[in-house]
Amino acid sequence: MSRIGRKPIPLPAGVKVDLAPQAVAVQGPKGKLQVALPAGITLVRQDGHLLAQRAGDEYAPLHGLARSLVANAVHGVSSGFQKELDIVGVGYRAELKGKQTLVLTLGFSHPIEYPVPPGIEIAVDAKSTHLTITGADRQRVGQVAADLRGLRPPDPYKNKGVRYTGERLKKKVGKTGAK
């Protein structure tokens, strides 16, 4: 039996859960999310917790997945998720234009305008080199962070580019020249 699937999902105060046969709607102070449940997986409310149950052993691969998706939704609407990015390089910076557009200067001949998806908030610090991405949906927060990092991944020779905060990079040695 799935060890992750057997763990109960605690419901914090202020989180409302609506159980339907094929979906779960979770609402809390940070927003509202809906999670589709795979066939053969049901959720049961017990003592302020949610338990994921499966119809049979053929649904074992989806048991832990469904539990994790619902647990992430509950955590997201109560606390939210956050990713942090650092921009490293001379002249590399970011700024918000309004609340819906992020303008990045990453060493290209033109600035890059990135539209901020709904449900996501991006904050730029005073130095314009540190981004904080927050939201209720874990998958969407991670995808936005990956998209921004993909605009200019860290260079292995000079380590310039957009990186996750705390990401360790291996710097390669350049050419030594002809002897």
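No lab work stands behind these numbers, since they all come straight from the coordinates. On a predicted model such as this, the values are computed, not experimentally measured, just so you know. Quick reminder, even Gly has a Cβ in these numbers, built from the backbone with ideal geometry, and neighbours come from all protein chains shown.
Tabulated results
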item	result
Residue-by-residue Karplus 3J(HN,Hα) for region 111-118, coefficients 6.51, -1.76, 1.60, Hz, glycine and proline x	x, 9, 9, 10, x, 7, x, x
Lysines with Cα under 23 Å of K158, excluding same-chain neighbours fewer than 8 positions away	K127, K170, K171, K172, K175
Matching label, Rg/Rh (Cα atoms, Kirkwood Rh) computed from the structure shown, candidates (1) 0.93; (2) 1.01; (3) 1.12	(3)
Ranked list, fewest to most other Cβ atoms within 10 Å of each Cβ, for D125, D47, D137	D47, D125, D137
Distant-in-sequence amide H partners of L11 (H built 1.01 Å from N, under 5 Å)	L50
For region 95-155, convex hull volume per residue from C-alpha positions, Å³	85
GNM top mover of R168, R138, R54 - the chain, alpha-carbon springs below 10 Å	R168
Region 114-179 versus region 47-97: alpha-carbon centroid distance in Å	20
Fewest-first sequence of H63, H49, H130 by Cβ atoms within 10 Å of each Cβ	H49, H130, H63
